[in-house]
């Protein structure tokens, strides 16, 4: 867990950006400790297109406090097609177990899209 000092009214926002040329599915794992008045966090698997960004956590600090946070994300190549929920239906093995863990260990099943074979 990382820690940061924060004052009342401060906001903490975590954003993930896809810098690749391929679409990926991501599933964040977000946990925190501290006195916050409002929390929103992404808790499903979603599609992240090339160049797209998405906020995975947004915390509003209730009073001067030390906020400890653990933010990580699993990722895998997005399946072809346009079906809604396609990332949820293609979640890799072991994801549910990893989501129950705490700490900064990356998801061991993270995958990048294989490079196209030269023809």
Determine whether region 37-48 contains at least one residue that is at pLDDT below 75 and assigned to a loop (DSSP other than H, G, I, E, B). no
What are the residues in region 76-107 that are in a helix (DSSP H, G or I) and closer than 21 Å to residue 34 by Cα, if any? 99
Which one is nearest to residue 99 (Cα to Cα) among residues in region 52-75 that are part of a loop (DSSP other than H, G, I, E, B) and modelled with pLDDT under 80? 62
For region 16-36, which positions are assigned to a strand (DSSP E or B) and crowded, with 16+ Cβ neighbours inside 10 Å? 16, 24, 25, 26, 27, 28, 29, 30, 32, 36
List every residue pair whose Cβ atoms sit under 6 Å apart, with the two residues 6 or more apart in sequence or on different chains, where the first one lies in region 27-51 and is closer than 22 Å to residue 101 by Cα and the second, anywhere, is at pLDDT 90 or above and surrounded by fewer than 18 Cβ atoms within 10 Å (Cβ to Cβ). 29/99; 45/88; 45/91
Answer yes or no: is there a residue in region 73-81 that is more than 23 Å from residue 40 (Cβ to Cβ), loosely packed, with under 10 Cβ neighbours inside 10 Å and in contact (Cβ under 8 Å) with a residue 12 or more places away in the chain. no
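The values are calculated or read from the model by the stated rules, or taken from the named source; none is laboratory data. Since this is a predicted model, take the numbers as computed values, not measurements. Ideal geometry is used to build each Cβ from the backbone, glycine not excepted, and the neighbour counts take in all protein chains shown.
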